[in-house]
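Colleague: Below you'll find the structure I mean.
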Amino acid sequence: MVIKKLNKLNSKQIKNVLELIAQCRADEPTNIAPTLTNEGNFDPDLPCMFLCEENGYLISFVSIFMPSPYYGEVVGFTFPAARNRGYFMKTWLAALQTLGPHIEDMEIMFVTDGKSPSALKTFEALKMHYEYSEFVLAKDIVHNEKGLTLTAKPLDANDPADANAIFMLHTNIFADGKSETLTFIDSTKQECAQNFLAVGPDGKPVGLFHMALDGDRVFLFGVGVLPEYQRKGYGKQIVQLAMNLCDETFKSMGLQVSSLNEEAMRLYKSCGFQEVNRLDYYFDEM
């Protein structure tokens, strides 16, 4: 048995990983996908992909997404016929041994879509506990101007003044730590992102929202209402405002929301969004 510790995969390794994933999906109805690149990691030089091979065949694969030194997400796959033989455990322990000095203070979360009984069995064996779920919700785009008192003002995240406005609003609305807000700002600067200020009739900001465009779909993110305007129906208005900004090219709107954010979940369900996928996160106390 050989365990390779890599920060990049070559074309043959990617092919082998994709074939392994296909075998796992044929055995269980899971559709979770691992990270196959180091581009989103805080340190691209750290190994983030671990391949366990036996006689030249890929048996188990572990991928770790590490956007910061304090948080990591683990996705793993093991060839169905080779399960319950310790391959995954040995691969994971090799990953921990390799990354230990670099992730001493990192919160490690194992991710599944809840459709893999073997993954749940592994989490139980590792004594991990369920932490929360991330739901992907979607809705067909419907335009409706009725009852809207808000208007949208575009913001350019690459303009220093607008970037500062996004930073201040996001910090005020979500009360996140500075590092998390800065990470969020980076996402608003992507080429596919459009950023908007939601403005009331008096010209004062009420909240903000962001959209990422992908083919004929729109992904809504960073929706927030300033504290003094919350629980007044402005959240629903912002969602509709975002839909009204989409032309006929875009057919559906998607978003992601945590089970920990019950208020946001209620908002999106009341707007007609329905669950299309979910990711369950299990905490490893290491």
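The values are calculated or read from the model by the stated rules, or taken from the named source; none is laboratory data. Since the model is a prediction, treat every value here as computed from it, not as a measurement. Positions of Cβ are backbone-derived with ideal geometry, glycine not excepted, and every protein chain shown enters the neighbour counts. Quick note on the areas: whole protein, heavy atoms, side chains included, nothing else; ligands and nucleic acids left out. Shrake-Rupley method; radii C 1.70, N 1.55, O 1.52, S 1.80 Å.
Colleague: Could you sort 165-173, 70-78 so that the peptide with the highest average Cβ count within 10 Å comes first and the rest follow in order?
Modeller: Values: 165-173: 17.4, 70-78: 20.6.
Taking the mean over residues of other Cβ atoms within 10 Å, the ranking is 70-78, 165-173.
Colleague: Specify the inter-centroid distance of region 91-125 and region 210-286, based on alpha-carbon positions, in whole Å.
Modeller: 29
Colleague: How many percent of the alpha carbon pairs in region 151-286 exceed a separation of 23 Å? All intermediate terms of the calculation are to be shown ahead of the outcome.
Modeller: On the way: 3156 of 9180 pairs.
Of all Cα-Cα distances in region 151-286, 34 percent exceed 23 Å.
Colleague: Calculate, in whole percent, how much of the Cα-Cα pair population of region 200-254 lies beyond 20 Å.
Modeller: Working: 413 of 1485 pairs.
Counting every Cα pair in region 200-254, those more than 20 Å apart make up 28 percent.
Colleague: If you don't mind, another one. Rounded to the nearest 20 Debye, what is the dipole magnitude of the chain about its Cα centre when Lys and Arg each give +1 and Asp and Glu each give -1 at the C-beta? Intermediate results must be reported in sequence, preceding the final value.
Modeller: On the way: 26 positive and 37 negative charges, 122 e Å.
It comes to approximately 580 debye.
Colleague: Here is a further query. Have a look at the DSSP beta bridges in the chain and tell me what percent are antiparallel, nearest 5.
Modeller: Working: 58 of 66 bridges.
If we restrict to bridges inside the chain, about 90 percent are antiparallel.
Colleague: Same structure again: Can you tell me what the convex hull of the Cα atoms of region 54-151 projects to on average, as an area in nm²? All intermediate terms of the calculation are to be shown ahead of the outcome.
Modeller: Details: hull surface 44.0 nm².
Average of the hull's projected areas for region 54-151 equals 11.0 nm².
Colleague: Residue by residue through region 97-114, what is 3J(HN,Hα) from phi via Karplus (6.51 cos²θ - 1.76 cosθ + 1.60, θ = phi - 60°)? Round to whole Hz and write x for glycine and proline.
Modeller: 5, 6, 9, x, x, 9, 10, 4, 9, 8, 7, 9, 10, 8, 10, 9, 9, x
Colleague: Taking the Cβ of P101 as the center, what net charge do the other residues with Cβ under 15 Å away carry, scoring Lys and Arg +1 and Asp and Glu -1?
Modeller: On the way: positive: K5; negative: D43, D45, E104, D105.
With Lys, Arg at +1 and Asp, Glu at -1, the net is -3.
Colleague: Could you tell me the extents of region 10-56's C-alpha atoms along the three principal axes, largest first, rounded to whole Å?
Modeller: 34, 27, 16
Colleague: Considering the chain as a Gaussian network with a 10 Å cut-off on Cα pairs, which listed residue, Q23, Q240, Q97, attains the greatest mean-square fluctuation?
Modeller: So, out of Q23, Q240, Q97, the one fluctuating most is Q97.
Colleague: Next up: Toward the positive end of the charge dipole of region 1-135, about the Cα centre and with charges on Cβ (Lys, Arg +1; Asp, Glu -1), which of A26, M106, A119 goes farthest?
Modeller: Positive-most Cα among the choices belongs to A26.
Colleague: Let me have the 222 nm mean residue ellipticity of the chain computed from DSSP H runs of 4+ only, each contributing -39500 (n - 2.57), with the sum over all residues rounded to the nearest 500.
Modeller: Values: 7 runs with 85 residues, N = 286.
Mean residue ellipticity at 222 nm (helix-derived): -9500 deg cm²/dmol.
Colleague: Amide H neighbours of I59 under 5 Å, at least 5 residues apart or on other chains, H built in the peptide plane: list them.
Modeller: For I59, the qualifying residues are C52, E53, E54.
Colleague: In terms of the Cα gyration tensor, with a ≥ b ≥ c the square roots of its eigenvalues, is region 97-168 rounded because a/c is under 1.5, prolate because a/b exceeds b/c, or oblate? Show your work: numbers first, answer last.
Modeller: Values: a/c = 4.34, a/b = 1.66, b/c = 2.62.
Oblate.
Colleague: What accessible area per residue comes out for the chain, rounded to a whole number of Å², with a 1.4 Å probe?
Modeller: Numbers: 15250 Å² over 286 residues.
Counting only protein heavy atoms, the per-residue value for the chain is 53 Å².
Colleague: OK, next. So what does log10 I(q)/I(0) come out to for the chain at q = 0.07, 0.10, 0.16 Å⁻¹, using the Debye formula with one equal point on every Cα and no solvent?
Modeller: -0.32, -0.63, -1.27
Colleague: Around V206, under 13 Å between beta carbons, what's the net of Lys plus Arg minus Asp minus Glu among the other residues?
Modeller: On the way: positive: K153, K204, R231, K232, K236; negative: D202, E228.
Net of charged neighbours comes to +3.
Colleague: Of L9, Q230, P80, which is farthest on the positive side of the dipole of the chain, counting Cα position, with +1 on Lys and Arg Cβ, -1 on Asp and Glu Cβ, and the Cα centre as origin?
Modeller: Sorting the options by dipole projection puts first P80.
Colleague: Which residue fluctuates most in the GNM of the chain (Cα springs below 10 Å): P227, P80, P34?
Modeller: Of P227, P80, P34, the Gaussian network model singles out P227 as fluctuating most.
Colleague: Okay, moving on. What part of the accessible area of region 40-196, given as a whole %, is carbon or sulfur when the probe is 1.4 angstrom?
Modeller: Working: 4320 of 8260 Å².
In region 40-196, the share of accessible area belonging to carbon and sulfur is 52 percent.
Colleague: Output the pairs from K153/K232; K146/K251; K8/K121; K146/K189 with a Cα-Cα distance over 24 Å in this structure; if there are none, say none. Mind dumping the intermediate values first?
Modeller: Numbers: K153/K232 20 Å; K146/K251 20 Å; K8/K121 29 Å; K146/K189 31 Å.
As for pairs spanning more than 24 Å Cα to Cα, those are K8/K121; K146/K189.
Colleague: What is the magnitude of the charge dipole of region 164-286 about its Cα centre, with +1 placed on the Cβ of each Lys and Arg, -1 on the Cβ of each Asp and Glu, and no other charges, expressed in debye to the nearest 20? Present the calculation step by step, with values, prior to reporting the outcome.
Modeller: Working: 11 positive and 16 negative charges, 100 e Å.
In total the dipole reaches around 480 debye.
Colleague: Using the Cα centre as the reference, give the magnitude of the dipole from point charges on the C-beta atoms of region 1-97 (Lys, Arg: +1; Asp, Glu: -1; all else neutral), rounded to the nearest 20 debye. Mind dumping the intermediate values first?
Modeller: Values: 9 positive and 9 negative charges, 50 e Å.
So the dipole magnitude of region 1-97 works out to roughly 240 debye.
Colleague: Answer with one residue from A242, H210, Y281: the one whose Cα lies farthest towards the positive end of the charge dipole of region 158-286, charges on Cβ with Lys, Arg +1 and Asp, Glu -1.
Modeller: A242
Colleague: Viscosity 1.567 mPa s, temperature 4 °C: give me the Stokes-Einstein translational D for region 3-116 in µm²/s, with Rh taken as the Kirkwood radius over C-alpha pairs.
Modeller: Numbers: Rh = 14.2 Å.
The Stokes-Einstein estimate is 91 µm²/s.
Colleague: When the chain is treated as a GNM, springs tying every alpha-carbon pair under 10 Å, which of F42, F135, F61 comes out with the largest mean-square fluctuation?
Modeller: Taking springs between Cα atoms under 10 Å, the residue moving most is F42.
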